[in-house]
Amino acid sequence: MSVITLKLSIYMRALSKSTIYCLRALIYVASKNEQENYVNIGEISEELNISFHFLTKTFQILTKKGLLESHRGPHGGVMLKKPIKDIYLIEIVHILEGEDFFEKCLLGLPGCGSNEPCPVHGFWKNVKGSLQKEFEETSLAHLSKGIKTKKMRI
């Protein structure tokens, strides 16, 4: 396993499954955003094989936080409230995982720190700064571009 694969694996394990599903759904919405139409939640659920009820619950949170706009009805769904170039992964992670995501112990142990470290404390301390920087610099525009131009899957 390469170092890059190992780091990516650890990064994704640090995020909750809910956040990973939500990121996939938002990348999908971003890839459809050029049309400036609402994207049907049923379509997102079907295309990504993510529970409709999970998406509606999570999208309610994102709507309350001002990231999404939602509309009910036959032509309803969700739409991003800001241009995709202005929505960075860090904002999504802070909404779904909490503002203190990068301060938490990777293993979830309370009181983990220099005085009482967990087994992965040193490693996590070294990589979380670079992870935070990548999340601050990566926008939905960057991620959705791969869907459109490189036929990447989500």
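The values are calculated or read from the model by the stated rules, or taken from the named source; none is laboratory data. Worth saying up front: this structure is predicted, and the values here are computed from it rather than measured. Heads up, the Cβs are rebuilt from the backbone with ideal geometry, glycines too, and the neighbour counts pull from every protein chain shown. Note: areas computed on protein heavy atoms with side chains; ligands, DNA, RNA excluded. Shrake-Rupley method; radii C 1.70, N 1.55, O 1.52, S 1.80 Å.
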Looking at (1) out of contact with any His (no Cβ under 7 Å at 6 or more places or on another chain); (2) surrounded by 11 or more Cβ atoms within 10 Å (Cβ to Cβ), can you tell me which one residue 77 breaks? (1)
In the stretch 100-137, which residues are among the polar types (S, T, N, Q) and either open to solvent by less than 60 Å² (accessible area, probe 1.4 Å) or in contact with a strand residue (DSSP E or B) (Cβ under 7 Å, 6 or more places away or on another chain) (or both)? 130, 132
Kindly evaluate residue 89 against the criterion of being farther than 22 Å from residue 54 by Cβ and buried (at least 16 other Cβ atoms within 10 Å of the Cβ). no
Tally the residues that are in contact with a Ser or Thr (Cβ under 8 Å, 6 or more places away or on another chain), closer than 15 Å to residue 143 by Cα and free of Cβ contacts under 8 Å to residues at least 60 places away in the same chain, restricting the search to the stretch 70-86. 2
Within the stretch 31-50, the residues that are of a type outside the set (S, T, N, Q), closer than 19 Å to residue 83 by Cα and either open to solvent by 40 Å² or more (accessible area, probe 1.4 Å) or under 12 Å from the mean Cα position of the chain (by Cα) (or both) are 32, 34, 36, 38
State the number of residues belonging to the stretch 1-44 that are at pLDDT 65 or above and assigned to a helix (DSSP H, G or I). 22
Report whether or not residue 53 is assigned to a loop (DSSP other than H, G, I, E, B), under 21 Å from residue 43 (Cβ atoms) and open to solvent by 50 Å² or more (accessible area, probe 1.4 Å). no
Determine, yes or no, whether residue 127 is at pLDDT 85 or above and either out of contact with any Pro (no Cβ under 7 Å at 6 or more places or on another chain) or acidic (Asp, Glu) (or both). no
